[in-house]
1. State the number of residues belonging to the range A:650-671 that are more than 10 Å from chain B (Cβ to nearest Cβ) and either outside any loop (DSSP other than H, G, I, E, B) or open to solvent by 10 Å² or more (accessible area, probe 1.4 Å) (or both).
2. Would it be correct to say that B:Glu40 is surrounded by 24 or more Cβ atoms within 10 Å (Cβ to Cβ) and within 16 Å of ligand 2 (Cβ to nearest atom)?
3. Please work out which one of (1) free of Cβ contacts under 8 Å to residues at least 40 places away in the same chain; (2) buried (at least 24 other Cβ atoms within 10 Å of the Cβ); (3) within 12 Å of another protein chain (Cβ to nearest Cβ) is the condition B:Ala81 fails and give its number.
4. Is it fair to say B:Ala152 is in the same structural domain as B:Ala98 (by TED's automatic domain parsing), away from ligand 2 (no atom under 16 Å from the Cβ) and open to solvent by less than 60 Å² (accessible area, probe 1.4 Å)?
5. Could you tell me whether any residue of the range B:10-32 is over 17 Å from A:Val287 (Cα atoms), in contact with a Pro (Cβ under 7 Å, 6 or more places away or on another chain) and open to solvent by less than 50 Å² (accessible area, probe 1.4 Å)?
6. Filter the range B:60-77 down to the residues that are under 20 Å from B:Cys136 (Cβ atoms), more than 9 Å from ligand 1 (Cβ to nearest atom) and of a type outside the set (S, T, N, Q) and list them by number.
7. Please work out which one of (1) within 11 Å of chain A (Cβ to nearest Cβ); (2) touching a residue at least 24 places away in the same chain (Cβ under 8 Å); (3) not aromatic (Phe, Trp, Tyr) is the condition B:Thr36 fails and give its number.
Amino acid sequence: MANDPSYTKQKLKVIGSRVRRPDGVDKVTGRAKYGADHNAPGQLVGLFLRSPHAHARIKKISTARAEKLSGVKAIITSEDLPDLTKGDTAARDILENCMARGRALYDGHAVAAVAAVDEQTARKALKLIKVTYELLPHVTDVDEALKPDAPVIHDYLYTNGVEPRPTKPSNLYNVAEFGHGDVDAGFAQADVVVEKSYKTEQVHQGYIEPHACVGSVNPDGTGELWVTTQGHFTYRSVCANLLGMDIAKLKVTSSEIGGGFGGKTHVWIEPVVLALSRKANRPVKAVMSREEVFRASGPASSTSIDVKIGAKKDGTITAAFAALRYQSGPFPGAIPGMPWAAIGAMTSFACYNLANVKTLGYDVVVNRPKVAAYRAPSAPMIAFAVESTMDMVAKELGIEPLDLRIKNAAREGTRACYGPVYGPIGIGATLQAVKNHPHMRARLKKNQGRGMACGFWFNFGGQTCADLNIATDGSVTLTVGTIDVGGSRASLSLIAAEELGIPYKQVKAHIGDTGSLGHNDTTEGSRGTFSSGMAIVFAARQAIEVLRERAAIMWEIPIEDIIWKDGHAKARGSKYSRLKPLSLADIAAQSPSTGGPIAGHNESVPDNAGVSFASHICDVEVDPETGGTRIIRYTVIQDAGKAIHPTYVEGQMQGGAAQGIGWALNEEYIYGDDGRLQNPGFLDYRIPVCSDLPFIDTQILEIPNPNHPYGVRGVGETSIVPPLAAIGNAISNAVGVRMDHTPMSPPRILKALEQLHAS
Amino acid sequence: MAAVLVSTTINGDAVEFACPPQESLLAVLRDRLGLTGVKEGCGTGDCGACSVTLDGRLVCSCLVLGAEVDGREIATIEGMAENGKLHPLQENFIEHAALQCGICTPGFLMAAKVLLDRNPQPTETEIRYALAGNLCRCTGYDKIVRAVQATATELRQLEKKKSRRKKSKKS
Ligand code: FES
Ligand code: FES
């Protein structure tokens, strides 16, 4: 039963210890190499020319003058990127997003790219490229895009998921429905029904490292790509397909990654950089500017949401309904068959045990950059709407919001609003932990208020492949294909050490390039430690089999008489009492003469990553003069299944909460009437800074995932889901205004306060 | 325009370079001198990833011209560990998991070092404001502030020990 993923309750020795990460020293000394830190011999500088218009027909691009400039080695437009996608519409959209084909679809859409000997020359060349545009009507707001008189962005998009099939194209490209029971009957039984509409503005993942890569294609059709990415195997196949290369002939190496949060799951500049290199026959390096990151790499959807919840006097929810309208930029959602609003709709009421529930996801195209995943993609916005409405229902009923949630919390056996029946889950436990938390009893001062909210995320397993190799001195190399953004190499080394029974220090984990392992899915859905961890468990168990075989050879006894315990091969039975246990190092030292290198390997698709729940508590102080909100205290309580490295789990919980706080209070894409993004920089798109935040307290709960040997669940994403609503609820409790629009920025709060006082 | 010839000191070593007059110190450090520990997050002075010190003062190297540093002293993250020994701030950043992706870390370390050099006993608020020019998107700053606090405590104890030793030598 080597590859049984079931939870075993085995006693863990090194899992759960707070060891130092293997890449720590490199990262505090500046030695770690990120996307922009690599250079290739003879490399050129690649730069992009981007559309200043939200929607325009490209009538002509003349590159003749730029081509003549000394030092310019290649210029690319869509003409150099023939469509090889053979009817694969998702691939075609990726190609078109990388380089406009006849139309610019958003402010920032690439229309041409240049490779030149240095940046100065490349910049000059961009200025010499002349693009003739014919402006087309544009639409950037999700609600506007659904109006009957809205400009229709694509004449080929017809709404999917409605019967009968529409006869006219529209910006609404998908409708998805989830739920069970009869909501109409449910609302009829309710004593109280609360209905409310919300809006959330567009936010960006805001990773500090811009997209960067060095691409090199040789005349023989082989190539290399060094890139900051969450999925180098995915980048490899996407780039190879778009450029007509053999997948195996392109080697992609993932650099250290300076944050991704979902934004580095899609290609942006990489296929074009490879095309430039192919044309110039030299390596090309390109690094996005911060402005380009904001204008042209995927933010999260802006949304408009309606929620309706009905409940009986005792607090039992009788029906729940939500309609979600999410924009995904100019193309249908990045995950085929699973557009953004549909994902949001699935998560809507996942925290609750409901007899009657219905959610509708409306996915919409607009003239904004292509939306990418952002940590628990699509969930924070709908959680803002649902969890705000929950507080309103509690208020109507005159019961504590926490008690309303406890009463309706999903539990083992609950049918989730998106279909499946839950196994053991942690929502109830996180709510109980809120109830017991001293934070809930702390005193509040004037203009301060406390709020709480819950959040859910699915988590994801996915295709995984990993290697474990034992050197002759007994040290162990792990090679994994998921990337490490927050210490997963440490966690994976802990897992190998646990299985093999050796000290953590004896293990070193590496991220392998695409030439060293089979395909690994992109590191998303909180899958890194879960999936690669599972693969390492199985690889280690395979290696243990080999170690036993080798011990058998060394001792000349049957393998059945040998067990592996505490990092040693031990011979079982009194007849072997003279055989001293062999350590892993002892066996490894003899490996050259007992059969060669000792290794373990695993390919799998770990399923059932174990759904994750969190409850957050937040205290705010609102300044009624300025409308400014300060976070006074913040507590994150989350089920981790089993925390492999508790410090890094805390780090995920704190980081997600901080991003949620920024989303709730400050961050938003601001578009002018001209459809141009007005704040593409960190000065005007303000993410939380150190002085904006308090310490973020954490409490890790461990409700084991039955489908992982140690009970691990994904932990990376759920923490961004509750903050928007927790803060909205806190503001409401502080100054009496119910905010229905994020960010809850000073002007919006002031306006709400004015309206409150006027009424 | 002709390149400017610049003589400067970087991490204690004499360095000469030539750069176009409009080139930023950040570009010089990264692209001409190979000091890629200095990071670029924005190029506009808003993220602090490019923080270095110029004559002991914390600056965003993206806002300084290479041509400006003639005859001056620069310190970068590459020079923070001395004689093969990590600075206590570096140790504590690893120990307290003050980094996740680590792209912001060089900048934070430089800023924190300047703070502690000037103010060995900063309050939490002082730490938070001293680091407010450095963006971190991963950590929520919690563990960064704790790492700086732990370092301050450690350095103070070290100082005390030193002065006690001095005193006992005297007496
Ligand atoms: S790169 Fe200099 S402050 Fe951001
Ligand atoms: S650790 Fe990633 S930005 Fe700070």
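1. Qualifying residue count, the range A:650-671: 7.
2. yes
3. Condition (2) is where B:Ala81 drops out.
4. Answer is yes for this residue.
5. no
6. Correct list: B:Ile77 only.
7. Only one criterion in (1) within 11 Å of chain A (Cβ to nearest Cβ); (2) touching a residue at least 24 places away in the same chain (Cβ under 8 Å); (3) not aromatic (Phe, Trp, Tyr) is unmet by B:Thr36, namely (2).
Residue by residue, here is whether (1) part of a helix (DSSP H, G or I); (2) of a type in the set (Val, Ile, Thr); (3) modelled with pLDDT of 95 or more; (4) buried (at least 16 other Cβ atoms within 10 Å of the Cβ) holds:
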| site | (1), (2), (3), (4) |
| --- | --- |
| A:Gly108 | no, no, yes, yes |
| A:Ala112 | no, no, yes, yes |
| A:Ala115 | no, no, yes, yes |
| A:Ala125 | yes, no, yes, yes |
| A:Thr132 | no, yes, yes, no |
| A:Pro148 | no, no, yes, no |
| A:Asp155 | no, no, yes, no |
| A:Pro166 | no, no, yes, no |
| A:Asp184 | yes, no, yes, no |
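The values are calculated or read from the model by the stated rules, or taken from the named source; none is laboratory data. Quick caveat, the model's predicted, so the values are computed rather than measured. Here the Cβ is made from the backbone with ideal geometry for all residues, glycine too, and neighbour counts use every protein chain on show. To get the accessible areas, we keep the full protein, side chains included, count just its heavy atoms, and leave off ligands, DNA and RNA. Shrake-Rupley method; radii C 1.70, N 1.55, O 1.52, S 1.80 Å.
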